Amino acid sequence: ADGVTTTVTDDDAAAIRALVRGQLAAFRSGDVEQAWAACSPGLQETLEHGRVLLALVEQKYTPLSERAVVTFGELDLTPDGIAQAIVMTDDGGEQHHVLYLVEPGETGWKVNGCVMLPCEMPLAEAA
């Protein structure tokens, strides 16, 4: 059905978690190439350059580049693709709820977008 993935195996789930962890580590260290490599071709086309991605994270998605404990929630099938829910708890104890949108690519899973959710919203209601 239009190449849309409707099932995710345990191996897929592990690969998606590794992808998200890797990109978050790249954001924290300022590694433009690694952060960019995690993005889907569509996201790369939209943003045009890794520096744009890092600038966007710094301006609008600041918690993604800060030190935090990352807790992985459910993987959900959404109209926008597969969403990996995460909760990031920073050093001050503040929680940030994030949906990472991912898609399968030729070289494995890729990040296709990210949504920061209001902290009051339980992850189950967000998906």
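The values are calculated or read from the model by the stated rules, or taken from the named source; none is laboratory data. All figures in this text were calculated on a predicted structure; none of them were measured in a lab. Calculation scope for accessible area: heavy atoms of the full protein, side chains included, ligands and nucleic acids excluded. Shrake-Rupley method; radii C 1.70, N 1.55, O 1.52, S 1.80 Å.
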Note to self: Quick one: 3J(HN,Hα) in Hz for region 46-59, Karplus 6.51/-1.76/1.60 with θ = phi - 60°, rounded, Gly and Pro as x.
What the structure shows: 5, 8, 6, 7, x, 5, 5, 4, 5, 5, 4, 4, 4, 7
Check: Given H placed 1.01 Å from N in the peptide plane, which residues other than close sequence neighbours of LYS110 have an amide H under 5 Å from its amide H?
Finding: GLU103, GLY105
Next item on the list: Report ³J(HN,Hα) in whole Hz for each residue of region 91-98, in order, from the Karplus equation J = 6.51 cos²θ - 1.76 cosθ + 1.60 where θ = phi - 60°; Gly and Pro get x.
Entry: 4, x, x, 6, 9, 10, 9, 9
Check: Within the accessible area of the chain, what % is carbon and sulfur when the probe is 1.4 Å and the other protein chains stay in place?
Finding: 49
Next item on the list: Please work out the average accessible area per residue across region 1-66, using the 1.4 Å probe convention, and give it in Å².
Entry: 61
Notebook entry, point to check: What are the radius of gyration and Dmax of the chain, computed over its Cα atoms and given in Å?
Noted result: 13.9, 45
Notebook entry, point to check: Given only helices, namely DSSP H runs of n ≥ 4 each adding -39500 (n - 2.57), what is the per-residue ellipticity at 222 nm of the chain, to the nearest 500 deg cm²/dmol?
Noted result: -11000 deg cm²/dmol
